[in-house]
Structure formats: C-alpha cells, structure tokens
1. Residues that are among the charged types (D, E, K, R), under 27 Å from SER178 (Cα atoms), touching a Leu at 6+ places or on another chain (Cβ under 9 Å) and at pLDDT 95 or above: does the range 211-220 have at least one?
2. Take the residues in the range 193-207 that are out of contact with any strand residue (DSSP E or B) (no Cβ under 7 Å at 6 or more places or on another chain) and assigned to a strand (DSSP E or B), then tell me which one is surrounded by the most Cβ atoms within 10 Å (Cβ to Cβ).
3. From the list ASP287, ASP293, ASP261, which residue is touching a residue at least 24 places away in the same chain (Cβ under 8 Å), of a type in the set (Asp, Glu), in the same structural domain as ALA185 (by TED's automatic domain parsing) and in contact with a helix residue (DSSP H, G or I) (Cβ under 7 Å, 6 or more places away or on another chain)?
4. Please go through the range 208-231 and give me each residue that is surrounded by fewer than 16 Cβ atoms within 10 Å (Cβ to Cβ) and either within 15 Å of ALA185 (Cα to Cα) or of a type in the set (A, V, I, L, M) (or both), ordered by number.
Amino acid sequence: MVAGVVGAAAGAVGGVDEDGVFDVGGEAVLGGAGTWRRRWAAAGLEVEHASRSTLGRRPVARSTARVRPGPGTVAHPSAGRVVRSAVVVAALALSSCAAGAQPAGLRHRHAAPRHPVSITTTTVPASPSTSTPPTAPTVAVPPPAPASATTRPTAPAPLVTRLAGVGSAGQVIAVVASGYGTTVATLTAYQRQPGGWQQVFGPWEAHLGYRGFAPPGQKSEGDGRTPSGSFGFGFFFGVNADPGVQFPFRRVTGTNIVWDDDPSSPRYNQWVDDTTADPGAAPEPMDNAPAYDYGAVIDYNVNPTVAGAGSAIFLHVSTGGSTAGCVSLPVDEVLQVLRWLSPAQQPRIVMGTEASVTS
C-alpha cells in the first residue's frame, strides 16, 4: 500500500481528480499499462502524496505531484481516457518491476518507507585491544646438549688421598719425583680438615740425593740416594737457635755434635756428643752451616735400625744443589714447614716416585 510517495522529478504538477483521472499539468494522462511503464519509468516520476485508499473503490482526494521528465524524454499527455487511481498505482508498480529498478522515491506497497541515508566511508584503525598482536618470529632453539657434553670434567682428587702410608696422620708432606735418577722433586704439604684435605704449602721444588730416589727397600749407606717410603719425624735441630717449632729441638753447640754413620757402631744412625760417647768411625759433623742451620730428623731406618741401610736422612736447608741423600728446601720454606709440623698431628713424609708412593 502506498502511504505517501514523495519525490520531485523536475517540478511538474499533477493529480488524481474525483473521477480517478490522473492529471499532469491540468491534462489527463492516458494510456495502457505498457504506456505507463514506459513513460513513468522514463520520466522518473515521483508521487508526492496519495491516499491510503488508493486501491479502494472510493475516489481519492485530489493531490498534486511534481514530474520532471528524465533527460532526453518528453512528457506526452493525452486526453479522453479515464484511469482509476488503482490502475495508476498498479501501473506504477508493474512499471517498476518490469524495468528491474524502481524510480527514485517509488516503493513497493509492502515495503516500509525508507529515507535516503548519507553513507560516509571512513577507515578506522583497529583497536589495539581487539587487534591480533603480531606473531613473534620463530627462533630455532637447539636441544639441550647431552649431560656428558655439558658436565665439566671432575677435578682429580688431591695427591694426598692417593698416597700410601698416610694412615691416621693429620699432616702429610709429599715429596714426589718424576722418576728414578732425577735429583729434583716436588714438595707439597697437606692438612687434614673435617671436610677433607687442605693443601697448605707448595708445590715447591726440593732437592734430593745426587743419585735421586732409591727404590723402596734398596737404600744403602753412602750410595748418594734418598730413600723411598712413608716416614715419621724424630726431633728438630739447628746450628741456629730454636725458631719456634712444636717438636723437641736440639741445638748444635759445636764440633762435638756428630751423627754416627758407622754400620758396625752400636750407635749407628744416632745423634752423638763425642765428648761423652764413641760415634764410631768417620762420623758426620752436625755443625755444617748453612745446610744444618735448621733441620728435621726423618725417622728412616729406626725401630729397628738395620746396619748399612742408610743413616742421617734429614729435611734441611738447601745449599743450591743435590744432597748426599737428604731432602732440602730454601731456608724460608724449611722454617714454614718446621713451625707448622705438630707432634699431635702424627705427621708423615711420603717420598719417592709417583708410581712408588701412590696406591
């Protein structure tokens, strides 16, 4: 139903009179439905107003409509034909359907009236909250290396833990040479702690007998070799006064103090004051400075003492070269070691090649 079709094609005025004749510019418009379709479609006719009873039988009120022919179209009204308003409206509807598009302002009678809508296209940036965040680039992460490749090699255990003959000692001095025949060895000192062994001194360079180490059990008197094995300490001594050691200290008071080196002597391998006892044949003088300025007796070949197995084995001050069978260090290092050693710790000195002193 056409409630009111509004438009203005060009300003022409028309209307439907009381007899149902559509009047354009005061003249009746005649013609069949085909004529209406062609002319109204060409003219772009817009009806400004029509009664709701257009399709009814009663006459409609006189109305006006403005018609402007389309470009290149001439309105050609005729007279003498009577057209009912219902026929006019039907013709308009058929004209729209036949043309495939309805003229501006003319609507299907069942369609709700629409108003022109101004459409403005605006590009609005997507809201950050609703936009999809950019995808981070994919980074290839290498798989973790096998544990065997990332685990650091375990540090070797301290040498002292591999030495033979340590027993219950709380202090250990290791004197180790690379092999037999060499006159230089490495000296390292260790202290036992609740959490394990702690290195205290060294590694220092120590001098040996002029023929190096003797294999275990093969040391003999006067062979120029240092004995191999694990040994304790006796007393400390020196041409100089007691430097503040914890072991018993004997002062070399003169030429009368000697060491018995005679395998046939009952005092073999002992400290002797020759003013009170016989030291045997060719004893060793103890007033030998600077070598014997400070020294410690290494308990080699004692309890029992084996005749001819070697004697006078000391840790003493170095003179810069090899010894007759002792172990020597520079004086400052000798003093550090002598002051550190304690009888309560039952210290041991382990000497020899690495192969002979490790288990």
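The values are calculated or read from the model by the stated rules, or taken from the named source; none is laboratory data. Predicted, not measured: the structure shown is a model, and the values here were computed from it. Don't worry about glycine lacking a Cβ; one is built from the backbone with ideal geometry, like all the others, and counts go over all protein chains shown.
1. Within the range 211-220, not a single residue is among the charged types (D, E, K, R), under 27 Å from SER178 (Cα atoms), touching a Leu at 6+ places or on another chain (Cβ under 9 Å) and at pLDDT 95 or above.
2. Ranking the candidates gives GLY196 first.
3. Only one candidate passes the filter, namely ASP293.
4. Those that are surrounded by fewer than 16 Cβ atoms within 10 Å (Cβ to Cβ) and either within 15 Å of ALA185 (Cα to Cα) or of a type in the set (A, V, I, L, M) (or both): TYR210, PRO215.
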